[in-house]
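**Student:** Sharing a structure here in C-alpha cells format.
The values are calculated or read from the model by the stated rules, or taken from the named source; none is laboratory data. Note that the structure is a prediction, hence the values are computed from the model and not measured. Reconstructed Cβ throughout: ideal geometry from the backbone, glycine too, with neighbour counts over all protein chains shown. These accessible areas exclude ligands, DNA and RNA; they are computed on the full protein's heavy atoms, side chains included. Shrake-Rupley method; radii C 1.70, N 1.55, O 1.52, S 1.80 Å.
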Amino acid sequence: MEAVLKNLASTVELLAVAAQSGVVEQWDKQTLSRAFHWARYCEHLFSRFHNNPAIRTTMEKQLQLTNQSLRAVFPGYTEVSFSDISRCQHLLLVGLLKNPELPISIMKILFDTTKQSEYQDVTGFCSHIIQCKSACKVLSPLTDLSAIGADAEVQGVMLMERLSALLSQGTAACHTEHIVNSVLQGCEGAAGQFCLVITAALLTTKNSAAQTASLDFLLDWLQKEHNVLQHMCSALPTPLIKDLAKEHLKFRHAYYDVLKKWASDMDYSINEGEWAQTITNRTVSFQRLTEHFLTLFEVCPSLREDVEKELNALKVSDGDFDVRGLSVWGDLLSALNK
Amino acid sequence: MSQPQPLIQLQLVAEPLLNVQEMQFWLDKAVTWGQADSSDTQKDTCLHLSRLRDFLQQLLTHINNMSSTTETMTRLPLLGQFLGRLCWNPYVTADATGRRLLFQCLWGLYSEHPGNAVERKANQWIRKVLCQLATEEDDAAAQALMKQMGVPPKEYHLKVLRKMVELLQKNIGKSCRSLGDINQRCPCDNILATSVACVPLVTYPEAAPLIGALLQQPVTCVRAALSEDFLDALSSAYSSQCLCLEEQAVVSLWCHNLSSLEKAVLSLLECVLTKTGSTPQKLKQQLAQSLLPKASAQHWTIFLIVNDIFRSILKQAEGNESVKCVIQTFTNCFLQERALLQHQTSVSLKAFFPQSPQSLLVPLLTRPSEMPQDVWRHHLNWLSGSLQRLTEEEEDGDGDGDSSSSTRGHHKLFESWFLLVQCAHWVQVAVQLLVTSGPEDRGPLLWLLTFYHHPTNRGHHRALQLVRAKDAWHHLHSLFLVSARPLPVSLPQSLVPLLSPQPQQPSLSPYVTLKLLVNFAVFSHQSLSGSTEILQAVVERSGLVDEAACVLRSLELRLTEGSCLSSDANRVHLRIKALQDTLTHMHAASRYPTENQTHTHTHTHTHTHTHTRTTQQ
C-alpha cells in the first residue's frame, strides 16, 4: 500500500510539474510516454478503489498532504481531489498544452495524424480525441429527434453504473441523493438535457437486482423533485413518456399526480374561452392536458375507470354542474369522453 | 549585383501557386459553413471536401516555400482567419486527410524562433487553438456528469460515438414499405443524409460498421440511394488502401461503384502477373484473398465485369500464357465458391455466361474429375468437333462477304475460345491423353491443343500449324522411345526450333511443344533418368526453364486436385517431383552462368546418377 501511495503522490507532483514548470522544455517522447503511463496507472487506481471506502480515505489523506506541499512550491496551484484522479490523463494533457514552455516537438507528437491509434501509444493522442469528437458532431444531426440522443443514453448508463456502485456499497441514501443533486446542479441551464439523462437512466434494461435497486432509488428521488418531474412531463416527447409509464408503476402514479396538479392550477379565462394555467406558470394548455390523460389511458387502459371515478368525485365536490367553465374536472371529463 | 536576381526569380515561380481570389472563395465558404448547421451546409461541405483538401495541400506547399511566417502573413493576410475557421469545422477535422493538412499548415506557421510580435502572436494562437480543440468541452452538462461519474473525456466521447454508430445502424436496418404514400416520411430518407455525413468518415475504423450497413442495405426503396460523393470517397480510399471494411461491405461497395471494382481487378492482375516464379497454389491463394471469386459467385454482375476486363487484357496480350493461366484459375475458384453457395441462390449458369455458346457451356464447365476417366477421350472428341464446326462456320461466313454475319461469327468464335480458356483443364487433359493413349486418331486432340494457342486463322495458317503440331508430337514420341545412353546430341537439338518462335513463318506457339514435352517426360514409359536427360537438354537449349517448371506445377496441381487414386498416381508424382528438382537446379544454375558452368554439368550428371541408383533400387 505504501508503494501505491508513493506512486500516487509522485504522479500528482508530475501533474503540477507538467502544468507549471519549465522542466518540460527538456521532455522528449520517452518522458512523455512515461508521464502518460503514470497517469493511466492512477486512473486504474481510481477504478479499482473508488468503491472501497477505507482505501479511498487513505488515498484522500495522501492527496491532502501532497496538495499541501505543492501549494507551497507552486503559486496558484489547483488542488487535485480523489475524483479528479479518474481523469488523470486529461489533467496531464491540459496542463501540458497550457504550459507555454512545452516544446513544439512534443506537441507535434501529441497531434500526429499518421495512422491508427495503438493501444497505450502517446503518438496522436490529441489527434484521436479530435477525430472522435468531430465524428460525433458530424453524426449527431442524423439521430432521430423523437428518441433520446446518444449522449443522453451514454450519460444515463454512466449514472446508473454510479448509482449501482454506491448502493451496493450500502452508501447512505442522503449521500447518493447528493450525487444526483450535484449532477442536476451541473446541468443548470440544460434542464432538457438532464431530463433526457434521467429518462435514459430509467429506461435502461433491468439486468440485475442492483439495477432494480438503482431504478427504484432514482424513481423515489424523482418523486421528490417536483420541478424535474414537471419538466419531464411537459418537455419529453410523447413516445418517451409512454415508455416510462409502461416500464415503471411509480412513474405512472407520479405522472398522474402531475396531471392532477396541473389541472387544479387552472383557472377558466372568459377572454380566451378556455381553461389555462396562471400566467407565471404556462407549462401546458388544456388541450395538451387532455392529450396527456389520453396518453396515460393508452399506456394503462385499466386505469381509465379509476381516473374517471376520481375526476367525477372531484367534479361533484365542485358542485356537480354540467355547465362549461365551472369545474375543470367536469370539463376534463367531457373532453375525455368525446 | 547579380546576387539579388535569382531570389526574385524564385519568388516569381512561387506566386502562380496561389491566387487571392481562390483564398477569398474558400474563406467565404468557411464562413458560410460556420454560420449555419443545416443539412444543406452539411451537404455543401461534404461536396467540397476533396477540392478543399487539394487547396489545403496547395496552401501547405505555399507556406513551406515562404522563408518566414511574417512573409506568409503578409502575402496571405486572410490565412489565419481561414485556418482558424476550419479548425472548428467538424467535417474538416473528422476527415483524416483534412485534419492532417490543417495541422501541417498550422505547424508551418509556427516559428521556432519568433522574430517579431506577429510571429509571437501566431505561436500563441496556434498553441491556444490546438489546446482548445483537444481539451475543451462545449457541453457543460456532459462535463459535469463526467466529473461526477469519474469518466475521462476520451472514454466518454468514444462511448458516445459508438452509441451513435449503433443507433444509426439500427435506423438503416429498418426497411420501409415503399408502396405507401409518397408524401409520407420514409425511413429511407435517412440513408442519403447518413451517406453524405459519412463522407469525411470513410477511413475511420470506428465508423466502419455504419458504412458497412449503408453499403449492404437491401435496395428496396427508390429513396434509399447512396450519395455519389460518398461512393467516390470510398472508391479513392479503397485505391489508396486506407479502407478498413469487412469482406461483405467491400463486395457491396463493388456492387455500388464500378470504378472501385475495376480498380480491384486491375490491381489484382498487376499483382499476379508481375510476380515471376509464383506457384499455381500461390496464385490460387492470391485470387482467393482478393475476394473477387467470392464476390463473383454472389453477384453475377460482378462476374460479368471481371470477365470483360479479362477479355480486353487477353485481346491486348495475345499468346500470353500467364494471363490465360490467371483466367483459368480464377474461373476455377469462382466455380468452387459458387458450389458453396448453390443452395442459397437460384441464379442460372446462363446469367453468368450469357455470351458463351450454350451447347458448350456445361460440357466445358464440368471438370474432368467429375467424369470417369474412360469417358474423357470421347468427351474431348466431341468438344473438339463442336469447336471445329464453329470455326468452319465462321470461315464460311467470311467468304460470304456479309459483314454483320461474319462479325457475329467472329464473336461466337471468340466467346467459344474464351470459354475454353476459362476451362483450360480440358486442354491439359487433351495433352495428357495425347501422350498416354494408344494409336487412336490424335487429330481432334491436336486440333484442340492448337486451337487453344491459335484461335484465329490469320492468313489461313491453321492447316500448317496443325501439321507442325503433328510433327512435334512425332518428334517427341520417337525421342522418348530412344534408349541409347547418353542421348545423341542431335536429337534434342532438332526440337529447339519448335520451341522458339520464328517471326517469319506462321510459327507454332512454343507452348504446344513444351506442354507435350513435359507430359511426355512425366507419363512416357521412358526411364526417369532418360526423361530427365531429355527434358533438361531440350529446356536448356531453348531457355524455357521457368515456363517448363510452370507447366509441370500446373500438371501436378491438376492431378492432386483430381485425386485420381490409380496405382500409377504414386509413380507419376515421384516422377514429377524428380523433374521439378532438376528444373529448380537448372534455374539456380542459370542465375550464375559465368561462375560454375563446368560445375553445372558435373552437378547434374551426379544428380542423374543418384537418380539412376535410386530407381534401380
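**Student:** Within the group A:Ile148, A:Ile179, which residue is within 7 Å of chain B (Cβ to nearest Cβ) and in contact with a Leu (Cβ under 9 Å, 6 or more places away or on another chain)?
**Tutor:** Within the list A:Ile148, A:Ile179, the selection yields A:Ile179.
**Student:** Would you point out which residue out of A:Ser117, A:Ser83 is open to solvent by less than 50 Å² (accessible area, probe 1.4 Å), at pLDDT below 90 and within 31 Å of the chain's Cα centre (by Cα)?
**Tutor:** A:Ser83
**Student:** What's the total number of residues in region B:306-348 that are of a type in the set (D, E, K, R) and in contact with a Lys or Arg (Cβ under 9 Å, 6 or more places away or on another chain)?
**Tutor:** Qualifying residue count for the region: 1.
**Student:** Given (1) at the interface with chain B (Cβ under 8 Å from one of its Cβ atoms); (2) among the hydrophobic types (A, V, I, L, M, F, W, C); (3) open to solvent by 40 Å² or more (accessible area, probe 1.4 Å), where does A:Ala135 come up short, assuming only one miss?
**Tutor:** Condition (3) is where A:Ala135 drops out.
**Student:** Among (1) part of a helix (DSSP H, G or I); (2) within 7 Å of chain A (Cβ to nearest Cβ), which single condition is B:Arg120 missing?
**Tutor:** Just one mismatch for B:Arg120, condition (2).
Conditions tested, residue by residue: (1) more than 30 Å from A:Thr212 (Cβ to Cβ); (2) out of contact with any Asp or Glu (no Cβ under 7 Å at 6 or more places or on another chain); (3) not charged (D, E, K, R).
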| position | (1), (2), (3) |
| --- | --- |
| A:Ala245 | no, yes, yes |
| A:His253 | no, yes, yes |
| A:Arg282 | yes, yes, no |
| A:Glu298 | no, yes, no |
| A:Asp306 | no, yes, no |
| A:Gly319 | yes, yes, yes |
| A:Asp322 | yes, yes, no |
| A:Leu333 | yes, no, yes |
| A:Asn337 | yes, yes, yes |
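**Student:** Being at pLDDT 95 or above and not hydroxyl-bearing (Ser, Thr, Tyr) narrows it down to one of B:Val129, B:Val118, so name that one.
**Tutor:** When all the criteria are applied, what remains is B:Val129.
**Student:** Further question: Name every residue in region A:289-323 that is in contact (Cβ under 8 Å) with a residue 40 or more places away in the chain and not acidic (Asp, Glu), in order of residue number.
**Tutor:** A:Leu289, A:Thr290, A:His292, A:Phe293, A:Leu294, A:Thr295, A:Leu296, A:Val299, A:Cys300, A:Leu303, A:Val307
**Student:** Collect the residues in region A:203-218 that are surrounded by fewer than 16 Cβ atoms within 10 Å (Cβ to Cβ) and either modelled with pLDDT under 80 or more than 22 Å from A:Leu236 (Cα to Cα) (or both), keeping them in residue-number order.
**Tutor:** Within region A:203-218, the first condition is being surrounded by fewer than 16 Cβ atoms within 10 Å (Cβ to Cβ), and the residues that meet it are A:205-209, A:212-213, A:216.
Of everything in region A:203-218, those that are surrounded by fewer than 16 Cβ atoms within 10 Å (Cβ to Cβ) and either modelled with pLDDT under 80 or more than 22 Å from A:Leu236 (Cα to Cα) (or both) turn out to be A:Thr205, A:Lys206, A:Asn207, A:Ser208, A:Ala209, A:Thr212, A:Ala213.
**Student:** Just checking, does region B:130-150 include any residue being in a loop (DSSP other than H, G, I, E, B), within 7 Å of chain A (Cβ to nearest Cβ) and surrounded by 18 or more Cβ atoms within 10 Å (Cβ to Cβ)?
**Tutor:** Yes: one or more hits.
**Student:** When you scan region B:201-232, how many residues do you find that are within 14 Å of chain A (Cβ to nearest Cβ) and either farther than 17 Å from B:Cys255 by Cα or surrounded by 21 or more Cβ atoms within 10 Å (Cβ to Cβ) (or both)?
**Tutor:** Residues that pass the stated criteria total 14.
**Student:** When you scan region B:340-399, how many residues do you find that are open to solvent by 80 Å² or more (accessible area, probe 1.4 Å) and either among the basic types (Lys, Arg) or in contact with a strand residue (DSSP E or B) (Cβ under 7 Å, 6 or more places away or on another chain) (or both)?
**Tutor:** Qualifying residue count for the region: 2.
**Student:** What do you reckon, is A:Thr58 in contact with a helix residue (DSSP H, G or I) (Cβ under 9 Å, 6 or more places away or on another chain) and open to solvent by 40 Å² or more (accessible area, probe 1.4 Å)?
**Tutor:** yes
**Student:** Give B:Gly84, B:Gly98, B:Gly115, B:Gly108 a once-over and let me know the one that is open to solvent by 20 Å² or more (accessible area, probe 1.4 Å), assigned to a helix (DSSP H, G or I), more than 9 Å from every other protein chain (Cβ to nearest Cβ) and of a type in the set (Gly, Ala, Ser).
**Tutor:** Among B:Gly84, B:Gly98, B:Gly115, B:Gly108, only B:Gly108 is open to solvent by 20 Å² or more (accessible area, probe 1.4 Å), assigned to a helix (DSSP H, G or I), more than 9 Å from every other protein chain (Cβ to nearest Cβ) and of a type in the set (Gly, Ala, Ser).
**Student:** Could I ask something else about it? Answer with yes or no whether B:Leu158 is under 25 Å from A:Leu45 (Cβ atoms) and in contact (Cβ under 8 Å) with a residue 24 or more places away in the chain.
**Tutor:** In short, yes.
**Student:** Additional query: Just the residues that are more than 9 Å from chain B (Cβ to nearest Cβ) and under 21 Å from A:Asn207 (Cβ atoms), please, taken from region A:161-176.
**Tutor:** A:Leu163, A:Ser164, A:Ala165, A:Leu166, A:Leu167, A:Ser168, A:Gln169, A:Gly170, A:Thr171, A:Thr176
**Student:** Oh, and also: Residues in region A:106-126: is at least one more than 9 Å from chain B (Cβ to nearest Cβ) and assigned to a helix (DSSP H, G or I)?
**Tutor:** Yes - at least one qualifying residue is present in region A:106-126.
**Student:** Follow-up question, since we're still on this one. Out of B:Glu270, B:Glu247, B:Glu262, B:Glu318, which single residue is of a type in the set (Asp, Glu), touching a Leu at 6+ places or on another chain (Cβ under 9 Å) and open to solvent by 50 Å² or more (accessible area, probe 1.4 Å)?
**Tutor:** It is B:Glu247.
**Student:** Out of curiosity, is A:Ser69 at pLDDT below 95, closer than 19 Å to A:Ser47 by Cβ and surrounded by fewer than 20 Cβ atoms within 10 Å (Cβ to Cβ)?
**Tutor:** In short, no.
**Student:** Identify, from the list B:Gly173, B:Gly98, the residue that is of a type in the set (Gly, Ala, Ser) and at pLDDT below 90.
**Tutor:** The conditions single out B:Gly173.
**Student:** Can you say whether A:Ala200 is of a type outside the set (Phe, Trp, Tyr), open to solvent by less than 50 Å² (accessible area, probe 1.4 Å), in contact with an Asp or Glu (Cβ under 6 Å, 6 or more places away or on another chain) and more than 7 Å from every other protein chain (Cβ to nearest Cβ), as far as the supplied structure shows?
**Tutor:** yes
**Student:** If you go through region B:227-238 one residue at a time, do you hit one that is under 15 Å from B:Leu291 (Cβ atoms) and without any contact (Cβ under 8 Å) to a residue 12 or more places away in the chain?
**Tutor:** No: zero hits.
**Student:** Another one. Scanning for something more than 25 Å from B:Ala140 (Cβ to Cβ), assigned to a helix (DSSP H, G or I) and among the basic types (Lys, Arg), does region A:202-218 turn up at least one residue?
**Tutor:** Within region A:202-218, not a single residue is more than 25 Å from B:Ala140 (Cβ to Cβ), assigned to a helix (DSSP H, G or I) and among the basic types (Lys, Arg).
**Student:** Let me ask something else about it. Based on what the data block shows, is B:Ser260 closer than 29 Å to B:Val545 by Cβ and at pLDDT below 90?
**Tutor:** no
**Student:** Now, a different point. Does A:Ala263 fit the bill of being away from chain B (no Cβ under 11 Å) and open to solvent by 30 Å² or more (accessible area, probe 1.4 Å)?
**Tutor:** On the way: away from chain B (no Cβ under 11 Å): yes; open to solvent by 30 Å² or more (accessible area, probe 1.4 Å): no.
No.
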